[in-house]
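Read the structure below first, then the notes.
The values are calculated or read from the model by the stated rules, or taken from the named source; none is laboratory data. The model shown is predicted, which means the values in this text are computed figures rather than measured ones. Here the Cβ positions follow ideal geometry from the backbone for every residue, glycine too, while neighbour counts run over all protein chains shown.
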Amino acid sequence: MNARAITPAPRSKWLPAILSILIILWQFDTQYRTPIIPTYPMRASIGLYPELIAEVWPYYYYGVFPVCSIAEPPPSKPQADIFIRDHANQLAMDLNLPCSMIRHGDFGRLWLLLPSVYLTGDPVVPSVVRLDQTLFIAALLCILWSFWREQKFLLGILIILLVGSDPFQQDQLAQENIFSLPITFALFTLAANLPLITGRLAPKKSAFLIAAASAVFLATARDIRAEAAMAIAALPIIYLTIPDTPWLRRLALIATLTASYLLTSFAWTKFWNYKIEQATQWVAAHGGHPYDGYRTPHHTLWHVLWEGLGDFDHKFSYAWDDKRAFTYAAPILRSQYHLNITYTAGYHSDQTYPPDHYYWISPEDLPQYTDLMRAKVLHDITHHPLWYAGILDNRFWAILGQAVPARLALGPVVLETHYLTYFTPLAWPLLIWRRKWQDLKIILISLTLSLTPLFVYTGQGTTYWGIFHLVTLAVITNWAIAELLPNRHLGGLIPSCPPQSNSA
């Protein structure tokens, strides 16, 4: 669609600065009124492992991680020295809990606790609440300024109002956990890559800097939690469809993104392997219990996929339950893989790791367990495609039906509706028909937050991460205002309604 050329309206440089202050005050007010018990809780995962809290003080005092103890953490360095002198035999690297840092990885969660520890000097009761809140406000401000620079200021304001009022996000910002981070990091990714969505910076070298920085940021986020890095899935599509850009340059941007992501992931894995080796030697030197069992840099994917199929399966007895998974796997590990593994109850097998038999073996630790779960999941999906298609269909409707309501929260006034979510998919063909490619790519980044409920599991709160309906509502509202008021700029809120390129 050819749009008429419109001369950009003058923009007040003070407007985004004033709105930045208002956003900060608005979010402080909203977060202050957030209930302690969330209305939209996340129960599908533990998130911030309790074991991690016990591992903060050895890192703070001695720089070793992961190291912990079942004893009460010492509140000061002198008391820690006394504990190490008199009770070092209680030092361990795992507390035999259901979720283990050294076994299941995602070590970057440690970073989230360190700001409060270094600010307060208290490694006993670390907190992530202020950090989560600060990061989210920073993400909203990045959206504000990025959309301002790209002549999409009104759309940015609408996204900020809707996502900033998201009841799930506000609930999670008040919790000592990390479930607010996926939405926060998706907003950072959108703000950083908006100049490539519009194509403004595509011809410049800074485009490669954005691609590399996005990859480093999201690979680092992946070291915290997989969902925090889901926005990476949208970026190759965005780079491949940059308007008016040679194909070689588009492919080079994707190559930069991929290489930067893999190199960053490799660097973090090397770093954590070094820290684990250091911690192992330190614990052994002090007479504690070094861990010498199996471990992975991240939570095992196939275990989660096996359990996730239980959300709508009525044929193969899948279930979102570690115990059910272990009950299924243990006899097969004995009969087909010839492992001396038996399972009775709980989150570990009946066997322990030599040489000191301090650590219980979890079936999830074993590489053979991962092979078994992979084979089972792939077999059932490939041999029963209609069964799997039915699960995906149910998940799609659950994503729509269980999404948080579209809400506007301003002070004591809260306006919300559940019904607009169901109309969201109807807007996408309309946007395609009108060739609103930039808007569709903005929505695409928000859609990545729904990949987990679509392909892994829809129960116990995972659908609440979805903000695609909020971003789509913002896009449609912005479009409607631009069409109704083509020559009114509302003091710079609608800078110029610039035409979107016909090129994908």
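Remarks
- Total residues in segment 346-377 satisfying the condition of being free of Cβ contacts under 8 Å to residues at least 24 places away in the same chain and either within 24 Å of Gly459 (Cα to Cα) or basic (Lys, Arg) (or both): the figure is 2.
- Count of segment 215-227 residues which are closer than 17 Å to Cys142 by Cβ and surrounded by fewer than 24 Cβ atoms within 10 Å (Cβ to Cβ): 3
- Failed criterion for Trp272 (all others in (1) buried (at least 16 other Cβ atoms within 10 Å of the Cβ); (2) closer than 27 Å to Pro385 by Cβ hold): (2)
- Residue list for segment 167-180, filter: under 16 Å from the mean Cα position of the chain (by Cα), not polar (S, T, N, Q) and not in a helix (DSSP H, G or I): Glu176, Ile178, Phe179
- The residue that is farthest from Thr300 (Cα to Cα), among those in segment 364-408 that are surrounded by fewer than 20 Cβ atoms within 10 Å (Cβ to Cβ) and of a type in the set (Gly, Ala, Ser), is Gly401.
- Filtered residues of segment 305-338 (kept if farther than 21 Å from Pro98 by Cβ and hydrophobic (A, V, I, L, M, F, W, C)): Phe312, Phe316, Ile332
- Residue check for Asp350: in a helix (DSSP H, G or I) and surrounded by 13 or more Cβ atoms within 10 Å (Cβ to Cβ): no
- For segment 235-253, taking the residues that are without any contact (Cβ under 8 Å) to a residue 24 or more places away in the chain and under 23 Å from Phe188 (Cβ atoms), the one that is surrounded by the most Cβ atoms within 10 Å (Cβ to Cβ) is identified as Arg250.
- Search result, residues across segment 119-162 that are of a type in the set (D, E, K, R), buried (at least 21 other Cβ atoms within 10 Å of the Cβ) and within 19 Å of Gln175 (Cβ to Cβ): Asp132
- Filter result (under 19 Å from Tyr62 (Cβ atoms), assigned to a helix (DSSP H, G or I) and of a type in the set (Asp, Glu)) within segment 118-145: none
- Comparison of Thr280, Thr269, Thr264, Thr258 shows that the only residue that is in contact (Cβ under 8 Å) with a residue 60 or more places away in the chain and either under 30 Å from Ile84 (Cβ atoms) or assigned to a helix (DSSP H, G or I) (or both) is Thr280.
- Test result for Leu155, in a helix (DSSP H, G or I) and touching a strand residue (DSSP E or B) at 6+ places or on another chain (Cβ under 7 Å): no
- Restricting attention to segment 359-384, the residues being part of a helix (DSSP H, G or I), hydroxyl-bearing (Ser, Thr, Tyr) and either in contact with a helix residue (DSSP H, G or I) (Cβ under 8 Å, 6 or more places away or on another chain) or closer than 16 Å to Ile341 by Cβ (or both) number 2.
- Restricting segment 79-90 to residues that are under 38 Å from the mean Cα position of the chain (by Cα) and not polar (S, T, N, Q), the residue that is farthest from Tyr118 (Cα to Cα): Ala88
- Criterion violated by Ala186 - all others in (1) within 20 Å of Thr220 (Cβ to Cβ); (2) among the aliphatic types (A, V, I, L, M); (3) touching an Asp or Glu at 6+ places or on another chain (Cβ under 9 Å) satisfied: (3)
- The combined condition, being of a type in the set (Ser, Thr, Tyr) and without any contact (Cβ under 8 Å) to a residue 12 or more places away in the chain, is not fulfilled by Thr296.
- Ser165 being under 25 Å from Thr452 (Cβ atoms), among the hydroxyl-bearing types (Ser, Thr, Tyr) and out of contact with any strand residue (DSSP E or B) (no Cβ under 6 Å at 6 or more places or on another chain): no
- Tallying residues that are surrounded by fewer than 20 Cβ atoms within 10 Å (Cβ to Cβ) and outside any helix (DSSP H, G or I) within segment 410-455 yields 12.
- Residue ID - nearest to the chain's Cα centre (by Cα), chosen from residues in segment 94-126 that are among the small types (Gly, Ala, Ser) and more than 12 Å from Pro50 (Cα to Cα): Gly108
- Complete set of residues in segment 288-347 that are in a loop (DSSP other than H, G, I, E, B) and of a type in the set (A, V, I, L, M): Ala319, Leu339, Ile341, Ala345
- Taking segment 466-498 as the range and being in a helix (DSSP H, G or I), at pLDDT 55 or above, out of contact with any strand residue (DSSP E or B) (no Cβ under 9 Å at 6 or more places or on another chain) and surrounded by 15 or more Cβ atoms within 10 Å (Cβ to Cβ) as the test, the residues that pass are Phe468, Val471, Thr472, Ala474, Val475, Ile476, Thr477, Asn478, Trp479, Ile481, Ala482.
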